[in-house]
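Report on the structure given below.
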Amino acid sequence: MDLRKEHVSVLLPINSSDSTAGIGSRKSLRRHWNQLSRFQKNLIYIVSVGVCIFLFFLIPYDDAASRQLKPEQPLEHIQIAPFKDRHENLGQLHLAEAQQERSDKRNLRSTESIAFEEPKLQDDNFGNDNRVMERRNIIDEPPVANDGNGNQAPPEAVNLRSDPSGQPKEIVDNAENVLEENRHPEGVKDFKGPTNERQRAVVDAFLHSWKGYKEYAWGHDNLKPISMSYSDWFGLGLTIVDGLDTMYIMDLQAEFDESRNWVEQYLRFDVNRDVNLFEVTIRVLGGLLSAYHLSGDKMFLDKALDLGQRLLPCFDSPSGIPYSDVNIDTMKAHPPKWSPDSSTSEVTTIQLEFRDLSRSTLNPVFETAASKVNVKVHELEKNEGLVPIFINANTGQFRNFATISLGARADSYYEYLLKQWLQTGRKNDDFLIDDYQTAIRGVINQLVRTTPKEKHLYIGELIGGKTFKPKMDHLTCYLPGTLLLGYKNGMPKSHLKLATDLLETCYQTYMKQPTQLAPEISYFNLNGESEYDIYVKTNDAHNLLRPEFVESLYYFYAITGNKTYQDMGWTIFEAFNKYTKVKNGYTSIGNVKNQLNTRPRDMMESFWLGETLKYFYLLFSDDRSEIDLDKYVFNTEAHPLPIRQE
């Protein structure tokens, strides 16, 4: 054999037991390999690597990551007892667990012979709420500050961050006087499912939406039903988490259990991404807390606690006004990229959720941080209780000459003034309810107008804080329901009149459109500049499946029992079915002014399932106390949280 030829000769012993033959073969392989050129050796390396890569991807395998990337594969269900069994057992179970945990911690303290002063939330501005709460060993939980004489310093002395070494502050629980009912849900809620045709129609709409989401967007934030794809905002499965309590209230057990399974296995917060404090608080934190309170499943509370810790760095600003965004992995917070300012509504619409998280986990750090924002905003100068739509987290001041509005960027500030007061038991000396009443007087005095022909009452805006503009966002249509809720709880009759008049105007923004769906923004005839009292500009003619007016209808029905509000809602629900329902879900539309050209936008926001359909379902209920408004308060994303009578 000529060894100079450029080829490889592989010699293998055939039918031979002679060991020397094998040895000779191995030597032959080495000899020939050494005689190959560098090019030939590199070629063999490349081919070998290619074959290995091909085999790696060809061989099937199964793990959590692969299942998460393939939403079309059905997830395994975690076996959960039927709803009614859980209702009977979970409350007692969590109470027993809490008592055991408390006993263990007492024994630990006794063994170590360590005495601690009881940590308390103390602030005269909060109605003397001196609740004792559990402390845990959490990196972002503040230490109990000490004045050097063995006395506990006020909450203002507590830093929200870990020590400079990066090590967690060790805070030992001392919960001798903790109310036991705060260690487990107030009472697992039992829902019977739809009881009439209208409710069943809403459930059908939910299931139609859910089917499209599961098939094309499972695990992602929002469904794009027309292109059969998805949209991610934060990558936190917003539609699933936002819809948890809706499924529970509708008694959709299979869908709820499937969603619970996804939350437990796949909802993770240790991911390198920026999120918006406000949006994640009202949708994800609120959704998890509501699911916990309704179902009694502690897994939801554990997830909420993890998320709450990751949001806390937002409050570590020079002023205490939270930054708008935070990376939930690195836990570094910052203002929005396009502005140094936060929206006023965003920094003042997190308190319901953070307070409930504190009182559910017996960890005061969340309530303390959020309540300081209340105090800071309370102390700022306002225009008869009305606030500009921007505030700076570094200076703690409102932006000069910013617009004053009850729509985008300011709306839920006013809503949460009332609802926080309700959440904490309607204290007489609470500055929050004083600020609310002052603000509503400011609305009536400065923002309310009536159209010249048809006498529609509406709420406008002050551009630059001074110049009136006859423009009203659909978002403002939450206000009639909030006003009526306040009237139910002792607010003056002027609030009732404003509520009823504004509700009618909001209804007309729907009825005056050919599709009977309201636009995002409506304009009103101020000085005869239009032949119509209500008109819509082309760029504002879209409808995003928003819930605000349905929310107000729900409050009117639940509080008054008048079924007229159900009929008004049914008209709108049928319009949604006619103009926004598509093959794989429901979509926002770009034009409510033309029945033949609605310009579908290919987006189903998570609030369609979390808010709009939930409020429709409750509006059409035969039992207007299906959610007892004396026991629960809805956050701005329609997630019910328990009212605390202390």
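The values are calculated or read from the model by the stated rules, or taken from the named source; none is laboratory data. If you're wondering where the values come from, they're calculated on a predicted model, not measured in any experiment. Glycine gets a Cβ as well: all are built from the backbone with ideal geometry, and neighbour counts include every protein chain shown. In case anyone asks, the SASA skips ligands and DNA or RNA and just uses the protein heavy atoms, side chains included. Shrake-Rupley method; radii C 1.70, N 1.55, O 1.52, S 1.80 Å.
List of remarks:
- Taking every residue in the stretch 251-271 that is over 17 Å from D221 (Cα atoms) and pairing it with any residue that is outside any helix (DSSP H, G or I) and among the aliphatic types (A, V, I, L, M), at least 6 positions away or on another chain, the pairs with Cβ-Cβ distances below 6 Å are D257/I80.
- Members of the stretch 312-356 found to be under 22 Å from Y414 (Cβ atoms) and part of a strand (DSSP E or B), listed by number: D341, S342, S343
- Among the residues listed as L432, L422, the single one being more than 21 Å from E551 (Cα to Cα) and surrounded by 21 or more Cβ atoms within 10 Å (Cβ to Cβ): L432
- Members of the stretch 408-446 that are among the hydroxyl-bearing types (S, T, Y) and without any contact (Cβ under 8 Å) to a residue 60 or more places away in the chain: Y436, T438
- Residues of the stretch 238-280 satisfying the condition of being under 22 Å from V202 (Cα atoms) and in a loop (DSSP other than H, G, I, E, B): M250, D251, L252
- Subset of the stretch 555-610 [under 29 Å from G235 (Cα atoms), open to solvent by 10 Å² or more (accessible area, probe 1.4 Å) and assigned to a helix (DSSP H, G or I)]: N577, Y579, F607
- Hits in the stretch 291-312 - residues which are open to solvent by less than 10 Å² (accessible area, probe 1.4 Å) and under 30 Å from D341 (Cβ atoms): A304, L307, G308, L311, L312
- Only residues that are among the β-branched types (V, I, T) and under 25 Å from A333 (Cβ atoms) were counted in the stretch 393-446, giving 1.
- Within the stretch 447-461, the set of residues being open to solvent by 10 Å² or more (accessible area, probe 1.4 Å) and in contact (Cβ under 8 Å) with a residue 24 or more places away in the chain comprises V448, R449, P452, K453, E454, H456, L457, E461.
- Which numbered condition R426 misses (of (1) within 24 Å of the chain's Cα centre (by Cα); (2) closer than 26 Å to L641 by Cα; (3) of a type outside the set (A, V, I, L, M, F, W, C)): (1)
- Among residues of the stretch 537-554 being more than 23 Å from the chain's Cα centre (by Cα) and among the polar types (S, T, N, Q), the one that is least open to solvent (accessible area, probe 1.4 Å) is T538.
- Taken as a whole, the structure places V377 among residues that are open to solvent by less than 10 Å² (accessible area, probe 1.4 Å), modelled with pLDDT of 95 or more, over 24 Å from V550 (Cβ atoms) and part of a helix (DSSP H, G or I).
- Positions within the stretch 359-368 being buried (at least 24 other Cβ atoms within 10 Å of the Cβ) and either modelled with pLDDT under 95 or under 16 Å from I282 (Cα atoms) (or both), in sequence order: F366
- Close Cβ contacts (under 8 Å, 6 or more residues apart or on different chains) running from residues in the stretch 217-231 that are acidic (D, E) to residues that are buried (at least 22 other Cβ atoms within 10 Å of the Cβ) comprise D221/L236; D221/G237; D221/L238; D221/T239; D221/S606.
- Among the residues of the stretch 514-536, the ones that are touching a residue at least 24 places away in the same chain (Cβ under 8 Å), open to solvent by 10 Å² or more (accessible area, probe 1.4 Å) and of a type in the set (S, T, Y) come to 1 in all.
- Looking across the stretch 545-565, the residues that are within 21 Å of Q513 (Cβ to Cβ) and not aliphatic (A, V, I, L, M) come down to R546, P547, E548, F549, E551, S552, T564, Y565.
- Evaluation of T500 against the conditions (1) touching a residue at least 60 places away in the same chain (Cβ under 8 Å); (2) touching a Pro at 6+ places or on another chain (Cβ under 8 Å); (3) over 28 Å from S588 (Cβ atoms) shows that the sole unmet condition is (1).
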